[in-house]
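**Student:** Quick one: this structure, given as structure tokens, is what I'll be asking you about.
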Amino acid sequence: MATGSTLRFTRMTGQSTPTDCTTEPQALYSGALTGGSHTESISGKADPKIAASPAGDKIVEAFPFSSSGPKPAVDVRDATAPTLSRSAEVGFAGPDDPTTVPRDVAVSPDGALALAAAGVSGTKVLSTTDLSEVAPGHGPLPDGTSSTAVAFSPDGSLLARGGPVDGTAADLLVQSAGPAQDATLAVDVVKAPTDLALDTPTEATMSGVEIHGTLTTPGVALPAGTTVGVCRVTKKGVIDLPAVTVGSDGSFTVDDVPPAKGSTLYVVSYDGDALHEASADFVTVDVTK
């Protein structure tokens, strides 16, 4: 990485036949961008994760240390002088702290905050002044995904955490970089369409008419007790008939005794609700004696 006119990079301190970059000590070296010699600025540690503030005045390092098993540690160094002096260091060894080695580290655009990702144990949000925790740690990604990467948005207001995951679980979360706050968001709820369909009776007499129908929706199931309205239209006028309850399978039956023979129109309608659109259908039957 380059900070100002300085090039900084890590390399293994033992250069003869390295075997594993995650276990062999790696040190941070610094030197001019234009080339020349590069000197060791931070001594070697196993698999360190290093990030610099955009202004180049701070270097944050996350690394594992042993305390009843691997635990993460973070330190911050003043990079304004040729020698990187440590200004703060903290280790996380408490029972509620991450129990895996750090996987990534990031510094906010203003250099005030640092993120340390610790696998399935979550993320620490720290002040780069004294490495105190300035916001609640963000817990595991969904379905136990191991958090392996962290980053800030360009304005520093958001943080992103990601990691490998199987299936369709989320592998990237973008959240506020500060403490969680209650928020109100106005949204438009799109109602699900409904389909009301009627079957034309094969027989209709003045002794009775039976019309079968269905009311279906691809959205949230219709609530129990949903009803449809029914009206009958003849040459004598329009009559509202009693509402009919829809069954749990969406089916219903309209029973009526026509007042006279001849062409009779039946209109069945559903008014909709907060989650479902309205719909209607009609049939014309020829009532005989």
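**Student:** Any idea which of (1) at pLDDT 70 or above; (2) closer than 16 Å to residue 102 by Cβ is the one residue 7 doesn't satisfy?
**Tutor:** (2)
**Student:** Just give me the residues in the range 141-198 being among the charged types (D, E, K, R) and either on the phi < 0 side of the Ramachandran plot or modelled with pLDDT of 80 or more (or both), in sequence order.
**Tutor:** Correct list: 155, 161, 166, 171, 182, 188, 191, 195.
**Student:** Oh, and also: Of all residues in the range 203-224, which are small (Gly, Ala, Ser) and modelled with pLDDT of 95 or more?
**Tutor:** Correct list: 213 only.
**Student:** Can I ask one more? How about the range 96-122: which of its residues are within 14 Å of residue 62 (Cβ to Cβ) and modelled with pLDDT of 75 or more?
**Tutor:** Residues satisfying the conditions are 102, 103, 104, 105, 106, 107, 113, 114, 115, 116, 117.
**Student:** Can you tell me which residues in the range 251-281 are in contact (Cβ under 8 Å) with a residue 40 or more places away in the chain and closer than 17 Å to residue 202 by Cβ?
**Tutor:** The answer is 253, 254, 255, 256, 258, 261, 264, 266.
**Student:** Could you please find all residues in the range 234-289 being out of contact with any Ser or Thr (no Cβ under 7 Å at 6 or more places or on another chain) and among the charged types (D, E, K, R)?
**Tutor:** Within the range 234-289, 235, 236, 240, 249, 255, 256, 271, 273, 281 meet the criteria.
The values are calculated or read from the model by the stated rules, or taken from the named source; none is laboratory data. Worth saying up front: this structure is predicted, and the values here are computed from it rather than measured. Every residue, glycine as well, gets a Cβ built from its backbone with ideal geometry; the counts of neighbours run over all protein chains shown.
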